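Note sheet for the following structure.
The values are calculated or read from the model by the stated rules, or taken from the named source; none is laboratory data. Please read these numbers as outputs of a predicted model, since none were measured by experiment. So basically every Cβ, Gly included, is an ideal-geometry build from the backbone, and we count neighbours across all protein chains shown. Just the protein is used for accessible areas: all its heavy atoms, side chains included, with ligands, DNA and RNA removed. Shrake-Rupley method; radii C 1.70, N 1.55, O 1.52, S 1.80 Å.
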Amino acid sequence: MKLSLLSISLTVIGLLPYSANGAMRQYTATADNSQWQVVTTTRLQCQLNHEVPYYGEAIFSATASKNKDVLFNLDMVVRPDNYSIAGLKAVPPPWRAGLPARDLANMKLLRKFDGELGNHTAWEMLTELEKGYQPTFYYQDWQNSADKIAVGLSSINFKQAYWAFLQCRDALLPYSFEDISFTVMNYQPNTSKLTKSSQQRLDKIAEYLKYDTSIAAISIASYTDSYGGRWNNLELSKKRALAIKEYMVSLGIDESKVETEGFGEKRHVATNDNILGRNKNRRLVIQIEKM
(Lines give C-alpha, C1' and ligand atoms only; values in the text may rest on other atoms or scores of the structure.)
Protein backbone atom coordinates (compact mmCIF):
# COMPACT_ATOMS: atom_id res chain seq x y z
CA MET A 1 0.00 0.00 0.00
CA LYS A 2 2.82 2.44 0.89
CA LEU A 3 4.59 1.53 -2.35
CA SER A 4 1.44 2.28 -4.35
CA LEU A 5 1.00 5.71 -2.69
CA LEU A 6 4.66 6.49 -3.35
CA SER A 7 4.28 5.52 -7.00
CA ILE A 8 1.20 7.74 -7.38
CA SER A 9 3.04 10.69 -5.77
CA LEU A 10 5.98 10.33 -8.13
CA THR A 11 3.65 10.08 -11.11
CA VAL A 12 1.84 13.31 -10.16
CA ILE A 13 5.13 15.13 -9.66
CA GLY A 14 6.28 13.92 -13.08
CA LEU A 15 3.18 15.44 -14.70
CA LEU A 16 3.77 18.93 -13.30
CA PRO A 17 4.39 21.32 -16.23
CA TYR A 18 7.10 23.36 -14.56
CA SER A 19 10.07 22.74 -12.32
CA ALA A 20 10.09 23.96 -8.74
CA ASN A 21 11.78 27.17 -9.92
CA GLY A 22 9.60 27.62 -13.02
CA ALA A 23 6.61 29.91 -13.45
CA MET A 24 3.91 31.05 -15.83
CA ARG A 25 4.66 34.71 -16.54
CA GLN A 26 1.45 36.44 -17.55
CA TYR A 27 1.03 39.71 -19.48
CA THR A 28 -2.47 41.16 -19.77
CA ALA A 29 -3.97 44.62 -19.39
CA THR A 30 -6.07 45.16 -16.27
CA ALA A 31 -9.47 46.81 -16.00
CA ASP A 32 -7.70 50.06 -15.14
CA ASN A 33 -5.29 50.18 -18.09
CA SER A 34 -7.03 48.20 -20.85
CA GLN A 35 -7.29 50.48 -23.89
CA TRP A 36 -8.17 49.88 -27.53
CA GLN A 37 -7.49 52.59 -30.09
CA VAL A 38 -8.06 53.07 -33.81
CA VAL A 39 -4.86 54.86 -34.83
CA THR A 40 -5.14 55.00 -38.64
CA THR A 41 -8.31 56.11 -40.36
CA THR A 42 -7.51 56.89 -44.00
CA ARG A 43 -9.16 55.14 -46.93
CA LEU A 44 -5.93 53.20 -47.46
CA GLN A 45 -5.40 51.65 -44.03
CA CYS A 46 -7.15 51.01 -40.73
CA GLN A 47 -5.38 49.90 -37.57
CA LEU A 48 -6.75 48.80 -34.19
CA ASN A 49 -4.13 48.79 -31.42
CA HIS A 50 -4.12 47.33 -27.92
CA GLU A 51 -1.16 47.78 -25.56
CA VAL A 52 -0.15 44.76 -23.50
CA PRO A 53 1.65 46.33 -20.51
CA TYR A 54 5.32 45.38 -20.08
CA TYR A 55 5.16 43.17 -23.19
CA GLY A 56 4.29 44.98 -26.41
CA GLU A 57 1.29 45.67 -28.59
CA ALA A 58 -1.46 43.72 -30.33
CA ILE A 59 -2.37 45.18 -33.75
CA PHE A 60 -5.25 44.38 -36.09
CA SER A 61 -4.96 46.02 -39.50
CA ALA A 62 -6.74 46.18 -42.85
CA THR A 63 -5.57 47.85 -46.06
CA ALA A 64 -7.26 49.04 -49.22
CA SER A 65 -7.91 46.04 -51.48
CA LYS A 66 -10.71 44.04 -53.04
CA ASN A 67 -11.13 41.74 -50.03
CA LYS A 68 -10.02 44.16 -47.25
CA ASP A 69 -8.53 41.27 -45.27
CA VAL A 70 -7.75 41.75 -41.59
CA LEU A 71 -4.27 40.78 -40.36
CA PHE A 72 -2.98 40.41 -36.81
CA ASN A 73 0.48 41.36 -35.55
CA LEU A 74 1.87 40.70 -32.07
CA ASP A 75 4.50 43.42 -31.72
CA MET A 76 6.93 42.13 -29.08
CA VAL A 77 9.46 44.42 -27.41
CA VAL A 78 11.71 41.37 -26.96
CA ARG A 79 11.54 39.22 -30.09
CA PRO A 80 12.20 35.46 -30.20
CA ASP A 81 15.77 34.17 -30.10
CA ASN A 82 14.80 30.95 -31.86
CA TYR A 83 11.97 29.26 -33.71
CA SER A 84 8.95 28.07 -31.78
CA ILE A 85 5.15 27.78 -31.73
CA ALA A 86 2.66 29.73 -29.62
CA GLY A 87 -0.72 28.19 -28.92
CA LEU A 88 -3.71 30.56 -29.10
CA LYS A 89 -6.79 30.01 -26.94
CA ALA A 90 -10.00 31.96 -26.33
CA VAL A 91 -10.02 32.22 -22.53
CA PRO A 92 -13.25 33.11 -20.68
CA PRO A 93 -13.16 36.28 -18.58
CA PRO A 94 -12.75 35.94 -14.78
CA TRP A 95 -16.47 36.38 -14.18
CA ARG A 96 -17.13 33.36 -16.41
CA ALA A 97 -14.29 31.25 -15.08
CA GLY A 98 -16.32 28.03 -15.12
CA LEU A 99 -16.36 27.91 -18.93
CA PRO A 100 -13.59 26.05 -20.80
CA ALA A 101 -11.00 27.78 -22.95
CA ARG A 102 -11.24 27.11 -26.69
CA ASP A 103 -8.29 26.38 -28.98
CA LEU A 104 -8.14 28.85 -31.88
CA ALA A 105 -4.85 28.34 -33.71
CA ASN A 106 -1.09 28.05 -33.51
CA MET A 107 1.20 30.96 -34.33
CA LYS A 108 4.74 30.51 -35.61
CA LEU A 109 7.40 32.39 -33.69
CA LEU A 110 10.26 33.18 -36.04
CA ARG A 111 13.68 34.29 -34.85
CA LYS A 112 13.84 38.11 -34.49
CA PHE A 113 10.33 38.60 -35.97
CA ASP A 114 6.99 39.61 -34.48
CA GLY A 115 4.14 37.10 -34.45
CA GLU A 116 1.66 37.28 -37.33
CA LEU A 117 -1.69 35.68 -38.13
CA GLY A 118 -3.87 35.77 -41.23
CA ASN A 119 -7.39 36.88 -42.02
CA HIS A 120 -9.36 33.87 -40.74
CA THR A 121 -7.71 33.69 -37.32
CA ALA A 122 -7.70 37.49 -36.93
CA TRP A 123 -11.49 37.54 -37.39
CA GLU A 124 -11.88 34.71 -34.89
CA MET A 125 -9.92 36.69 -32.33
CA LEU A 126 -12.05 39.80 -32.94
CA THR A 127 -15.31 37.91 -32.54
CA GLU A 128 -14.08 36.25 -29.34
CA LEU A 129 -13.14 39.67 -27.97
CA GLU A 130 -16.59 40.94 -28.90
CA LYS A 131 -18.09 38.14 -26.79
CA GLY A 132 -15.93 39.16 -23.82
CA TYR A 133 -13.33 36.40 -24.14
CA GLN A 134 -9.57 36.96 -23.97
CA PRO A 135 -7.49 35.57 -26.86
CA THR A 136 -4.34 34.37 -25.11
CA PHE A 137 -1.01 33.13 -26.48
CA TYR A 138 0.99 30.46 -24.63
CA TYR A 139 4.60 29.59 -25.42
CA GLN A 140 7.85 28.43 -23.88
CA ASP A 141 10.07 31.36 -22.90
CA TRP A 142 13.20 31.43 -25.06
CA GLN A 143 15.20 33.26 -22.38
CA ASN A 144 14.34 30.98 -19.44
CA SER A 145 13.61 27.35 -20.30
CA ALA A 146 11.89 26.84 -16.92
CA ASP A 147 9.21 29.44 -17.64
CA LYS A 148 6.21 29.68 -19.91
CA ILE A 149 4.63 32.89 -21.16
CA ALA A 150 0.94 33.81 -21.39
CA VAL A 151 0.02 36.95 -23.35
CA GLY A 152 -3.63 37.91 -23.18
CA LEU A 153 -5.73 40.49 -25.04
CA SER A 154 -8.23 42.11 -22.70
CA SER A 155 -11.79 42.57 -23.94
CA ILE A 156 -12.39 45.52 -21.59
CA ASN A 157 -13.10 48.77 -23.53
CA PHE A 158 -13.01 46.80 -26.78
CA LYS A 159 -16.43 47.17 -28.40
CA GLN A 160 -16.52 50.89 -29.13
CA ALA A 161 -13.06 50.90 -30.72
CA TYR A 162 -13.94 47.72 -32.63
CA TRP A 163 -17.02 49.40 -34.10
CA ALA A 164 -14.89 52.37 -35.21
CA PHE A 165 -12.41 49.93 -36.80
CA LEU A 166 -15.20 48.15 -38.70
CA GLN A 167 -16.50 51.47 -40.02
CA CYS A 168 -13.00 52.47 -41.10
CA ARG A 169 -12.51 49.13 -42.86
CA ASP A 170 -15.85 49.50 -44.66
CA ALA A 171 -14.70 52.86 -46.07
CA LEU A 172 -11.39 51.50 -47.43
CA LEU A 173 -10.86 51.77 -51.17
CA PRO A 174 -11.72 48.46 -52.88
CA TYR A 175 -8.36 48.37 -54.68
CA SER A 176 -4.70 48.54 -53.66
CA PHE A 177 -1.54 50.27 -54.87
CA GLU A 178 -0.66 47.17 -56.88
CA ASP A 179 -3.96 47.53 -58.74
CA ILE A 180 -3.15 51.04 -60.00
CA SER A 181 0.67 51.13 -60.09
CA PHE A 182 0.77 50.03 -63.76
CA THR A 183 -2.17 51.05 -65.92
CA VAL A 184 -2.76 51.00 -69.68
CA MET A 185 -5.60 53.22 -70.91
CA ASN A 186 -7.00 53.78 -74.39
CA TYR A 187 -8.52 56.68 -76.32
CA GLN A 188 -11.63 56.95 -78.42
CA PRO A 189 -11.02 57.25 -82.20
CA ASN A 190 -10.10 60.71 -83.54
CA THR A 191 -10.30 62.38 -80.12
CA SER A 192 -8.34 62.96 -76.92
CA LYS A 193 -11.15 61.53 -74.83
CA LEU A 194 -10.44 58.32 -72.98
CA THR A 195 -12.71 55.35 -73.42
CA LYS A 196 -15.31 54.91 -70.71
CA SER A 197 -13.45 52.07 -69.01
CA SER A 198 -10.15 53.99 -69.17
CA GLN A 199 -11.75 57.07 -67.64
CA GLN A 200 -12.96 54.88 -64.79
CA ARG A 201 -9.40 53.62 -64.33
CA LEU A 202 -8.09 57.18 -64.23
CA ASP A 203 -10.71 58.10 -61.63
CA LYS A 204 -9.52 55.20 -59.47
CA ILE A 205 -5.93 56.40 -59.69
CA ALA A 206 -7.02 59.94 -58.80
CA GLU A 207 -8.94 58.71 -55.77
CA TYR A 208 -5.97 56.67 -54.57
CA LEU A 209 -3.50 59.54 -54.99
CA LYS A 210 -5.58 61.73 -52.67
CA TYR A 211 -4.55 59.57 -49.71
CA ASP A 212 -1.11 58.12 -50.44
CA THR A 213 1.66 60.54 -49.43
CA SER A 214 4.46 58.10 -50.25
CA ILE A 215 4.35 58.46 -54.05
CA ALA A 216 7.91 58.88 -55.35
CA ALA A 217 7.41 59.17 -59.11
CA ILE A 218 4.78 58.96 -61.83
CA SER A 219 5.65 58.19 -65.44
CA ILE A 220 3.12 58.97 -68.20
CA ALA A 221 3.79 57.71 -71.73
CA SER A 222 1.38 58.38 -74.61
CA TYR A 223 1.12 56.61 -77.97
CA THR A 224 -1.03 56.94 -81.10
CA ASP A 225 -2.01 54.80 -84.05
CA SER A 226 -0.51 55.46 -87.50
CA TYR A 227 -3.35 57.57 -88.91
CA GLY A 228 -3.09 61.38 -89.15
CA GLY A 229 0.56 61.97 -90.00
CA ARG A 230 3.68 61.30 -87.96
CA TRP A 231 4.41 64.84 -86.76
CA ASN A 232 0.76 65.46 -85.84
CA ASN A 233 0.59 62.17 -83.96
CA LEU A 234 3.81 62.93 -82.07
CA GLU A 235 2.47 66.32 -80.95
CA LEU A 236 -0.90 64.78 -80.10
CA SER A 237 0.72 62.15 -77.89
CA LYS A 238 2.71 64.83 -76.06
CA LYS A 239 -0.42 66.93 -75.45
CA ARG A 240 -2.33 63.90 -74.16
CA ALA A 241 0.42 63.05 -71.69
CA LEU A 242 0.66 66.67 -70.48
CA ALA A 243 -3.11 66.82 -69.99
CA ILE A 244 -2.97 63.83 -67.65
CA LYS A 245 -0.02 65.38 -65.81
CA GLU A 246 -1.95 68.63 -65.27
CA TYR A 247 -4.86 66.62 -63.93
CA MET A 248 -2.63 64.82 -61.41
CA VAL A 249 -0.96 68.05 -60.32
CA SER A 250 -4.44 69.48 -59.67
CA LEU A 251 -4.93 66.61 -57.21
CA GLY A 252 -1.97 67.79 -55.17
CA ILE A 253 0.81 65.67 -56.69
CA ASP A 254 4.18 67.43 -56.76
CA GLU A 255 4.79 68.49 -60.38
CA SER A 256 8.44 67.47 -60.14
CA LYS A 257 7.42 63.86 -59.49
CA VAL A 258 5.47 63.52 -62.76
CA GLU A 259 7.32 62.83 -66.00
CA THR A 260 5.67 62.74 -69.42
CA GLU A 261 6.72 61.53 -72.83
CA GLY A 262 4.91 61.31 -76.14
CA PHE A 263 5.99 58.63 -78.60
CA GLY A 264 3.46 59.20 -81.38
CA GLU A 265 3.35 56.25 -83.78
CA LYS A 266 6.39 54.51 -82.24
CA ARG A 267 6.25 51.22 -80.35
CA HIS A 268 3.00 49.82 -81.66
CA VAL A 269 1.63 46.85 -79.74
CA ALA A 270 -0.77 45.72 -82.47
CA THR A 271 -1.37 46.06 -86.20
CA ASN A 272 -2.68 49.34 -87.63
CA ASP A 273 -4.51 47.52 -90.43
CA ASN A 274 -7.79 47.13 -88.53
CA ILE A 275 -9.89 48.95 -85.93
CA LEU A 276 -9.10 46.60 -83.06
CA GLY A 277 -5.36 46.98 -83.56
CA ARG A 278 -5.53 50.76 -83.85
CA ASN A 279 -7.64 50.92 -80.66
CA LYS A 280 -4.83 49.14 -78.79
CA ASN A 281 -2.15 51.42 -80.22
CA ARG A 282 -3.98 54.60 -79.11
CA ARG A 283 -2.91 54.17 -75.50
CA LEU A 284 -1.60 55.87 -72.40
CA VAL A 285 0.64 54.04 -69.95
CA ILE A 286 0.89 55.23 -66.34
CA GLN A 287 3.50 53.80 -63.98
CA ILE A 288 3.61 54.84 -60.32
CA GLU A 289 6.44 54.23 -57.85
CA LYS A 290 6.44 54.55 -54.07
CA MET A 291 9.24 55.68 -51.76
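The table for this structure:
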quantity	calculated
Scan of segment 196-229 for residues that are touching a strand residue (DSSP E or B) at 6+ places or on another chain (Cβ under 9 Å), hydroxyl-bearing (Ser, Thr, Tyr) and free of Cβ contacts under 8 Å to residues at least 40 places away in the same chain, ordered by number	SER197
Qualifying residue in segment 130-137 (condition: crowded, with 18+ Cβ neighbours inside 10 Å and either among the small types (Gly, Ala, Ser) or over 21 Å from ALA90 (Cβ atoms) (or both))	no
Where THR40 falls short, out of the listed (1) modelled with pLDDT under 95; (2) open to solvent by 70 Å² or more (accessible area, probe 1.4 Å); (3) part of a strand (DSSP E or B)	(2)
Subset of segment 200-239 (residues that are touching a Leu at 6+ places or on another chain (Cβ under 6 Å) and surrounded by fewer than 15 Cβ atoms within 10 Å (Cβ to Cβ))	TYR211
Scope segment 44-71; condition surrounded by 14 or more Cβ atoms within 10 Å (Cβ to Cβ), charged (D, E, K, R) and part of a loop (DSSP other than H, G, I, E, B); matching residues	LYS68, ASP69
Residue that is nearest to LYS210 (Cα to Cα), among those in segment 52-64 that are under 9 Å from the mean Cα position of the chain (by Cα) and of a type in the set (Gly, Ala, Ser)	ALA64
Any chance ILE253 is modelled with pLDDT of 90 or more, of a type outside the set (S, T, N, Q) and either closer than 23 Å to GLN45 by Cβ or in contact with a Phe, Trp or Tyr (Cβ under 6 Å, 6 or more places away or on another chain) (or both)	no
Selection status of GLU246, charged (D, E, K, R) and open to solvent by 50 Å² or more (accessible area, probe 1.4 Å)	yes
Some residue of segment 105-124 being open to solvent by 40 Å² or more (accessible area, probe 1.4 Å), over 30 Å from ILE244 (Cβ atoms) and among the aliphatic types (A, V, I, L, M)	yes
Evaluation of GLU255 against (1) surrounded by 13 or more Cβ atoms within 10 Å (Cβ to Cβ); (2) in contact with a Lys or Arg (Cβ under 8 Å, 6 or more places away or on another chain) (one fails), failing number	(1)
Every residue from segment 72-86 that is exposed (fewer than 15 other Cβ atoms within 10 Å of the Cβ) and modelled with pLDDT of 90 or more	VAL77, VAL78, TYR83, ILE85
Residue pairs meeting the criteria (Cβ under 6 Å; at least 6 apart or on separate chains; first over 15 Å from SER222 (Cβ atoms) and among the hydrophobic types (A, V, I, L, M, F, W, C), in segment 262-280; second open to solvent by 30 Å² or more (accessible area, probe 1.4 Å) and assigned to a helix (DSSP H, G or I))	ALA270/LYS280
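Residue-by-condition table, conditions (1) over 29 Å from CYS46 (Cα atoms); (2) at pLDDT 95 or above:
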| position | (1), (2) |
| --- | --- |
| THR213 | no, no |
| GLY228 | yes, no |
| ASN281 | yes, no |
| VAL285 | yes, yes |
